[in-house]
Amino acid sequence: MKYDEVYRESLENPVGFWGRAAEEIAWDRKWDRVLDFSNPPFCKWFPGGMLNTCFNAVDVHVLQGRGGQTALIYDSPVTDTVATFSYADLKARASKVAGFLKGIGVGKGDTVIIYMPMIPEAVISMLACARLGAIHSVVFGGFAPPELAIRIEDARPKAILSASCGIEVKRIIPYKPLLDEAIEISSHKPETCVILQRPQVTAELIPGRDLDWAEQEAGAQPAECVSVGANDPLYILYTSGTTGRPKGVVRDNGGHAVALKWSMKHIYDIGPGDVYWAASDVGWVVGHSYIVYAPLFMGATTIVYEGKPVGTPDPGAFWRVISQHGVKALFTAPTAIRAIKREDPSGRYLKGYDISRFETLFLAGERLDPDTYYWATELLQRPVIDHWWQTETAWTIAGNFRGLEEFPIKAGSATKPMPGYNLTVVDSASAEELGPNMNGVLVVKLPLPPANLPTLWNDDKRFVESYMNPFPGYYLTGDGGFIDEEGYVWVMGRVDDVINVAGHRLSTGGMEEVLARHPDVAECAVVGAHDNLKGQVPVGFVVLKAGVTKPQEEVISEVVRMVRSEIGPIASFKQAVVVAGLPKTRSGKVLRGTMRKIADGEEYSIPSTIDDPTVLDAIGEAVKKIGYGKK
Ligand code: COA
Ligand code: AMP
């Protein structure tokens, strides 16, 4: 089938289109309606339908006689381990873990936080929660205790599942002290923590609260799948907004299964038995959708990789995994490819690996810059496909198709809108729809397709205010860009205070809140500056209070330490400068856009609303001292 036809049908007849896609999923009870959009901007897909996500990811394949097929390969260069799990193994493990969760009182509708490194038990934990109809919330291991505490406080988990440590290349990170500190800070206390002891570190367990994972799993009765409503939440995933308070993106069960399974076939061209590898982390949406759920819904083999693109042990790591496990498609972030390119520009580490079964490289998480696109295409001699999406959407908004019609690639463009996404560009001031090639804000005309967030956790108001009110009738993606005359989508960057650092989404507002807590800081701003490896890195600008005599370098190293210990190492906040003042409008709004241009050495015009233009030169001088401000 051709794209135009599919796309048109998805918009003109969403009920027919998604109703057909939903036939691919095993339902306990068929839906009453495909779409209920009677209460805009909220939309409900498949209301009345009952299903279980773990059943669709695991049990169904065992029932269909493919229990012996490999479901998951754990490849961990940092522990020198490769282990495989069949669908039958995964079913047995998820049933036992669900069994012990049930034993500690977790049931349908309860929340469970998962704070784990990239080990099979992270995936098993998610499946076990889904099995019981419990709502998981995975927190990425690179976040510091205060960030974990914010999530505990908001999700109010009955239990937390964690491990004794994570391993960052050669550095072992004990998780338990971080978890204990987070629980200490949070006003909500989980009843139980179940800790998986890894051989590298033995965590101390707190009697009465902490349980040993191995003992629990060994003693558990396997639990069966619990049927849940299509609109019941499967998970909450916190993501950065424009303030320090993250947004709890909710994912429902029904639409999620339908859209993700559709995407696997049509975007990634993956079928049962194919080996598919998303080199990300279960803490991010890419991990939720494409390490765990979508490949398993499809009956494919997924890879859980506990390593990095470089340093574990060398820049050939990805090619080794592809060759060793017969990977058909790899999905990662452009920053990972840039990291490989930096250490192995000629691609000599690829030589010697047989990647003949490898067909496509998919990239997302940040814009795929043309240099990286050309380098990877030249090296791999395979299609390199950029696709654009967000935590909120769970799957691609715009991309190319390996299993439908494949379009010629235009380097720097994410290609075409996906079915179900009525994507358009509006002018930020007038809200009018713009024509081809005109830059504006990328918005999706409602209703959003299945799997997109139905709301924010316990916060319908923030959901409506953040995404729906800015342009009534449309969902605000938060990204700017344009659509060209051939319908190709060009995503040029966020229009808000969210930045993307090594494919990780972070809030500059959140970092500013940390900097502002330093006793010597009068005011501050954080902007995302261009970085050749990570795409963007945060750079802080601080104005000291009058009378501060402490050396500037000391204040800077203190604020750098504060961001690391309050947000986490993943913020990559390493650069800050002291400036005499921040550029502001006469009404007091900090001109962050202008500061970002100065940090990137780009041309800028002096905003007519600026209060004191002389601060701009001083900012230019300050950023040069730390190596920015040059083109
Ligand atoms: N637990 C604890 N710390 C973590 C962590 C985790 N799970 N993940 C990262 N960190 C730490 C890192 O060790 C690093 O610490 P440092 O400041 O002491 O060096 C810091 O957080 C920043 O991490 P990162 O941004 O990953 O930088 P890096 O220099 O270690 O690696 C890349 C750079 C490009 C190799 C790496 O970012 C990468 O592999 N990216 C792949 C992209 C990806 O997975 N994107 C997800 C969305 S698809
Ligand atoms: P996250 O929610 O962490 O997945 O981050 C989503 C944000 O990452 C988007 O809003 C974009 O700013 C950016 N992003 C993701 N994929 C792409 C892409 N292919 N091209 C451009 N930006 C992207």
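What to note about this one:
- Packing rank of 86-95, 282-291, where each peptide gets the mean count of other beta carbons within 10 Å, highest leading: 282-291, 86-95
- Distance from the alpha carbon centroid of segment 78-155 to that of segment 395-442 works out to 35 angstrom.
- Overall shape of segment 442-561 was characterised from the C-alpha gyration tensor. The equivalent ellipsoid obtained from it has semi-axes of 36, 19, 12 Å, in decreasing order.
- Within the chain, all pairs of alpha-carbon atoms sorted by distance into 20 Å bins from zero give the percentages 19, 55, 25, 1.
- Dipole axis of segment 329-375 (+1 Lys, Arg; -1 Asp, Glu on Cβ), positive-most option in 362, 336, 350: 350
- Average projection area in nm² (convex hull over Cα atoms of segment 290-335, one quarter of hull surface): 3.5
- Projected area, mean over directions - segment 191-271, Cα convex hull, nm²: 10.2
- Counting only heavy atoms of the protein chains and using a 1.4 Å probe, residue 504 has close to 40 Å² of accessible surface.
- For segment 507-624, the Cα-based Rg and Dmax, in that order, read 13.7, 39 Å.
- Residues of type aspartates and glutamates that residue 550 reaches as a straight line, Cα spacing below 13 Å, ignoring anything fewer than 8 places off in the same chain: 520, 558
- Share of carbon and sulfur in the accessible heavy-atom surface of segment 507-624 [1.4 Å probe, %]: 49
- Calculated from backbone phi, Karplus (6.51, -1.76, 1.60) coupling profile of segment 556-566 in Hz, x at Gly/Pro: 5, 5, 5, 5, 4, 5, 4, 5, 5, 8, 9
- Between segment 571-608 and segment 184-227, the alpha-carbon center distance in angstrom: 46
- Highest mean packing first, where packing is the average number of other Cβ atoms within 10 Å per residue, the peptides 340-350, 591-601, 200-210 line up as 591-601, 340-350, 200-210.
- Too-long pairs where the Cα-Cα distance tops 24 Å, listed order kept, from 545/625; 341/410; 308/410; 189/308; 534/584: 308/410; 189/308; 534/584
- Per residue, the convex hull spanned by the Cα atoms of segment 328-385 amounts to 71 cubic angstrom.
- Kirkwood-based shape ratio for segment 1-112, expressed as Rg/Rh from alpha carbons: 1.09
- Along segment 390-403 the Karplus relation, 6.51 cos²θ - 1.76 cosθ + 1.60 evaluated at θ = phi - 60°, assigns HN-Hα couplings of 8, 3, 5, 8, 6, 8, 5, 8, 9, x, 10, 10, 8, x Hz to successive residues, with x for each Gly and Pro.
- Solvent-accessible heavy-atom area per residue, rounded to whole Å², over the chain at 1.4 Å: 37
- Accessible area of segment 39-118 belonging to carbon and sulfur atoms, whole % at 1.4 Å probe: 54
- DSSP bridge analysis restricted to the chain gives an antiparallel fraction near 60%, rounded to the nearest 5.
- Beta bridges assigned by DSSP with both partners in segment 507-624 are antiparallel in approximately 75 percent of cases.
- For segment 174-284, carbon and sulfur atoms together expose 52% of the accessible surface, with a 1.4 angstrom probe and every protein chain in place.
- For residue 280, solvent-accessible area (1.4 Å; no DNA, RNA or ligand), Å²: 40
- Convex hull per residue volume in Å³, alpha carbons only, for segment 226-297: 112
- Calculated from backbone phi, Karplus (6.51, -1.76, 1.60) coupling profile of segment 152-166 in Hz, x at Gly/Pro: 5, 4, 7, 7, 6, x, 6, 9, 10, 10, 8, 10, 5, 6, x
- Amide proton proximity set for residue 577, modelled H, under 5 Å, gap of 5+: 540, 541, 542
The values are calculated or read from the model by the stated rules, or taken from the named source; none is laboratory data. Remember, predicted model here, so these are calculated numbers, not experimental data. We place every Cβ from the backbone using ideal geometry, glycine too, and count neighbours over all the protein chains shown. Quick note on the areas: whole protein, heavy atoms, side chains included, nothing else; ligands and nucleic acids left out. Shrake-Rupley method; radii C 1.70, N 1.55, O 1.52, S 1.80 Å.
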